[in-house]
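Readers should treat all values here as calculations from the given coordinates under stated rules, not as data from a laboratory. The model shown is predicted, which means the values in this text are computed figures rather than measured ones. Positions of Cβ are backbone-derived with ideal geometry, glycine not excepted, and every protein chain shown enters the neighbour counts.
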There are 2 protein chains.
Amino acid sequence: MPTRLSQLFVRTLRDDPSDAEVASHRLLVRAGYIRRQAPGVFAWLPLGLRVRRKIEEVIREEMAAIGAQEVLFPALLPREPYERTGRWTAYGDGIFRLQDRRGADYLLAPTHEEAFTLLVKDLYSSYKDLPLSIYQIQDKYRDEARPRAGLLRGREFSMKDAYSFDYTDAGLDASYQAQRDAYERIFTRLGMEYVIVAADNGLMGGARSEEFLHPTPIGEDTYVRSADGYAANVEAYRSASPEPRPIEGQPAALVFDSPGTPTIATLVALLEERHARAEEPWTAADTLKNVVLRLTHLSGETELVIVGLPGDREVDMKRAEVAFAPAAADAATDEDFAKHPGLVKGYIGPWSAEGPVLGEASSTGIRYLVDPRVVDGTAWVTGANEPEKHVLSLVAGRDFVADGIADIAEVREGDPAPDGSGPVELARGMEIGHVFQLGRYFAEILDLTVLDENGKRVTVTMGSYGIGVTRILAAIAEANHDERGLIWPREVAPFDVHVVATGKDPVVFEIAETLTSELEGQGVDVLLDDRPKVSPGVKFGDAELLGVPLVVIVGRTAAEGTVEFWDRRSGERRDLAIAEVPEAIRSAG
Amino acid sequence: MPTRLSQLFVRTLRDDPSDAEVASHRLLVRAGYIRRQAPGVFAWLPLGLRVRRKIEEVIREEMAAIGAQEVLFPALLPREPYERTGRWTAYGDGIFRLQDRRGADYLLAPTHEEAFTLLVKDLYSSYKDLPLSIYQIQDKYRDEARPRAGLLRGREFSMKDAYSFDYTDAGLDASYQAQRDAYERIFTRLGMEYVIVAADNGLMGGARSEEFLHPTPIGEDTYVRSADGYAANVEAYRSASPEPRPIEGQPAALVFDSPGTPTIATLVALLEERHARAEEPWTAADTLKNVVLRLTHLSGETELVIVGLPGDREVDMKRAEVAFAPAAADAATDEDFAKHPGLVKGYIGPWSAEGPVLGEASSTGIRYLVDPRVVDGTAWVTGANEPEKHVLSLVAGRDFVADGIADIAEVREGDPAPDGSGPVELARGMEIGHVFQLGRYFAEILDLTVLDENGKRVTVTMGSYGIGVTRILAAIAEANHDERGLIWPREVAPFDVHVVATGKDPVVFEIAETLTSELEGQGVDVLLDDRPKVSPGVKFGDAELLGVPLVVIVGRTAAEGTVEFWDRRSGERRDLAIAEVPEAIRSAG
């Protein structure tokens, strides 16, 4: 049966919803695909649900093609397994937690690694059972701080999450590659341009992780790429370390008064004024900025760290988050400073286990980490850990020794790609998929082992592979629209063709009905605009807004056997004999 | 591609899970269809998911056939609309509530009347838009006090809930009838025996409501039926009132000492001992029992009511719940009694606006309601509202006048059907569907109106129609199993046929593969047991447990062109030429 617009549960809106920031949100609401229920929570009208099901179908087919089996977990899960892996705490405010009538703790799962691991542990025990890839298409929940951009960052969203289980690293590599290949096929079928970028494993510490990003200026992710093929999200970018320089022959460190220079800019101005160099002017890059961060560990304990980085760079908190995971990294608070009088705001310098390297006040127990560019022999102007004092020619490896590296400075256009493929440029992308070698992180904590060929108990190694179904739907809308409405790719369009009957002549409507029946009989999904008292202008406007890629207009010339065939994407309209419509639809596919 | 048991993510268990009370739960877990995640919360393995999808498909087809359109709402919904309809409070402990990071209140929806009403209000405004029937298949949540019986009473469960919208009562009747007819077709296709019983509208107070019950001794619902076609659940049963009797000529009321008779049994014994009647012995039916209930109204206010009913009947609290809805009805507490010294436990008698009809202590503000059998002229032995005192010959309509009727006494075998179709008998059933004329309850509160033919604003009238998808799956399993395992009806079986290759001969396995390919090519869904080192006994046991209704055993005689064809339900096994297998499968359908 065709779907009749006279009956379809839909209303198109002329005006943009007031809370819509991006085109996909605007158009999906205006065209009657979705409706907001709460911030980041949407209801799906029939048109939206049709597109969603088509995307799911593409995913299911490609999962089946690599032998992944579908299962389905609940959204409501008990606290205990998430407590064991530390994620109950690590998610912070980012998840929904609730209690049942007995006071037992639950969460609305944001992702299901724990549950899948435990299920496989429940069922399987031998290497012969592996490899295994299982997945679900399921509604997930995240309590986003700023749900925005409609479906692109929602609080309830549908996701395909797959998990692979192997007992060898080579097995994991193969499972990972199979999912990665499947993702490439899925995005190609969905007509989604994508870039595969290296990602940081963060919390899990697995071996390999890549994101599928759809390049778009509205993307929330920044990634870097070189002309010669390097691509990584900024969190995964690794800054290069220069060669160490000779320490001998460098001038001795010199503490100097620097009144009113709590910022790099004021410090550089003072250097130029009072300590001008003959060879070249001072710049921020000559200074060493020391930033205090507070890490909150999974145990709840907090720790301060100081990170020294070239004064011309800012800390990128997203990179810091990943670098310090599973601890949460935040800027130190006034309270933190108050507890450590050695930390003189604006004049902080390098540190050691005993306290500040320079300066009189002492505060121990703070680790000192440096940017990869701070190699032995580099000389810096930096704080002297006393109010209104800085130091010149403080040399790394001579005057201070860091406790470790923290690669958390912002990445800039022109920075070198770590694989030597030249300078990088920055671009914006939207994450549409993520493939991830979890390794043995979850299996170790949750004790998922199998007996191998020799009867030896080995820990299983896992991968995790996610595609946001509702997010992709919005991303497709974002990439396929014009100012007049949506333009769906054929594979996910709610209907194959939109037949519009115009005018008031009953014969025209009869011809439209007959054509529709004929098309449906050939397996073509038709949306028939059979509304009797709606003007052609409104009907055409709705057709443009709804975005079915092919439109057939049945009008005055229909009685003479001719209709108009309208390619919504190209905008081309041409007259066509009715008998040629089925073939035109087929060849347009 | 066939599904191979060597690859399928499943493990069968020999032993029953310790928490399984009913066959469906036991077998669905043992056969690897589901796994428990928390009390009343389950994960679905591939076999379970296949059956679930087939049930959903039957429902979708029948919904489409009556023009109902599919939509999808979130589970996470804001408090506000539920607050307006009173259900935020009325659900008590029965729902999951939670807060987001900003402290806003949400619930996990147990049903979606509010959300559907508001969505239609958002989209529609004219009588021309109606009738409309929309539905979803969606996961719902209820915080059951005692989640039990596996999927039959879970806390997360899948439900098809449909809602109809009309602007006339006749329209609602037609929409209701269409859903009711669709339900009959659905249950027939699913092979589920059902009884349609009148139900009480309870909370909503709509016009008509019926439940589809599957008769089974493990059912949680009790219903009554007469030989001549009356059927109702006990909550909807209406007790008949006898004809009033003449008051004149009845002896005067007589208060008497009744020490140590706080129960009906002790009272009857005392009557026999001290006040024996010539004509017939005293029975509990001669006494009027007065039960104090505490009603909690939606506003949070509480109220005590006394209900007088024949002493041979108990209050049925389920009937009381429905009779007093939307107020919650509970037994009065010691505290309630303490506040009202006129309520003398064990000796309570009729009451009036001024307080107790007999007795000295006074407590006003308590309504006195009576069972429909307490008609004018009936004389009772009942409490005298004083310790150790009862009264004889207290005549309704003469000595006391009730404030109203409360039909909340238990229903018993042999009670008359209210439609005059004879005595009823009691039976147990499991609710598998519910059709419900909500009327204008939600539309009034949420202000869902349309303009009618005359441009007049009229309130929409609604129906609500639910089928528990996961519950039905369990109910089908419950009705289709034997001691060795599940026996699925063809329409919902995870596979059409289970091909078992036995022995070690590679030729046998090749024949099984060839047969499987051939069947799959004809559109038959095959589960192929290709496990190389598993004994025939284990394979047959698994086939019985998994419950695919047709099994083809490929064994030693396969090389000679013969296999065994096994009807799992009848147990019949017969030899068959391989070439005849496709036809045997078709005709077994």
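Tabulated data
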quantity: Average beta carbon contacts from partner chains per residue of B:60-72, 10 Å cutoff; calculated: 3
quantity: Extension gain, B:Arg490 back to B:Arg97 (0.36 nm per residue minus Cα-Cα distance, nm); calculated: 137.5 nm
quantity: Neighbour-count order for B:Leu546, B:Leu270, fewest beta carbons within 10 angstrom listed first; calculated: B:Leu270, B:Leu546
quantity: Rounded if a/c under 1.5, otherwise prolate or oblate - region A:495-588, Cα gyration tensor axes; calculated: rounded
quantity: Gain on full stretching of the segment that runs from A:Glu301 to A:Glu83 - 0.36 nm per residue minus C-alpha separation; calculated: 76.9 nm
quantity: Cβ neighbours within 10 Å from other chains - mean over A:103-111; calculated: 2
quantity: Neighbour net charge for B:Leu172 - beta-carbon separation under 10 angstrom, K R +1, D E -1; calculated: -1
quantity: Cβ nearest the rotation axis (A onto B), residue from chain A and distance to the nearest whole Å; calculated: A:Leu98, 2
quantity: Chymotrypsin sites (Phe, Trp or Tyr not before Pro) restricted to region A:1-76 and DSSP loop, no more than 12 other C-beta within 10 Å; calculated: none
quantity: Environment charge of B:Gly219, counting only residues whose C-beta is closer than 15 Å and scoring Lys/Arg +1, Asp/Glu -1; calculated: -3
quantity: Cα centroid separation, region B:509-571 to region B:121-145 (Å); calculated: 45
quantity: Relative packing of peptides A:241-249, B:316-324 - highest average C-beta neighbours within 10 Å first; calculated: B:316-324, A:241-249
quantity: Sum of side-chain charges, A:Glu564 neighbourhood, beta-carbon under 9 Å (Lys, Arg +1; Asp, Glu -1); calculated: +1
quantity: For region B:61-118 and region A:54-106, distance of Cα centres in Å; calculated: 21
quantity: Shape category assigned to the protein assembly as shown from the gyration tensor of Cα positions, a/c cut at 1.5; calculated: prolate
quantity: Pseudo-label separations to other copies for A:Arg4 - Cα-to-Cβ vector, 7 Å, nm; calculated: 5.1
quantity: Cross-link pairs beyond the 18 Å C-alpha cut-off, checked among A:Lys160/B:Lys54; B:Lys140/B:Lys160; B:Lys128/B:Lys456; calculated: A:Lys160/B:Lys54
quantity: Label 7 Å beyond Cα on the Cβ vector: A:Arg245 copy-to-copy distances, nm; calculated: 11.5
quantity: Acute angle (nearest 10 degrees) that the helix B:536-546 long axis makes with the longest principal axis of chain B, alpha-carbon atoms; calculated: 40
quantity: B:Ser570 versus B:Gln7: modelled label distance in nm, points set 7 Å from Cα along the beta carbon direction; calculated: 3.4
quantity: Cβ-vector label at 7 Å, B:Gly377, separations to other copies in nm; calculated: 11.9
quantity: Proximal lysines relative to B:Lys389, as straight alpha-carbon distance under 27 Å, when same-chain residues fewer than 8 apart are discounted; calculated: B:Lys289, B:Lys339, B:Lys345
quantity: Folded to 0 to 90 degrees: helix A:506-521 orientation relative to chain A principal axis, Cα; calculated: 60
quantity: Label zone at B:Gln522, where the point sits 7 Å out along the Cα-to-Cβ direction: region B:556-589 residues whose backbone N lies under 12 Å; calculated: B:577-589
quantity: In region A:1-87, GluC sites (Glu not before Pro) in a DSSP loop with at most 16 other beta-carbon atoms within 10 Å; calculated: A:Glu21
quantity: Phi-based couplings in Hz for region A:472-480 (Karplus 6.51, -1.76, 1.60; Gly and Pro marked x); calculated: 4, 4, 5, 5, 5, 4, 4, 8, 9
quantity: FRET E, pair A:His275, A:Glu388, Förster distance 22 Å, beta-carbon r, rounded to 0.05; calculated: 0.90
quantity: Neighbour cut-off at most 10 other Cβ (10 Å), DSSP loop, GluC sites (Glu not before Pro), region B:362-462; calculated: B:Glu413, B:Glu453
quantity: For chain B, calculated [θ]222 nm from helices alone, where every DSSP H run of n ≥ 4 adds -39500 (n - 2.57); calculated: -7500 deg cm²/dmol
quantity: Theoretical gain in end-to-end length, B:Ala64 to B:Ser587 [0.36 nm per residue, Cα-Cα removed]; calculated: 185.5 nm
quantity: Region B:298-313-region A:273-323 distance, computed between alpha-carbon centres (Å); calculated: 72
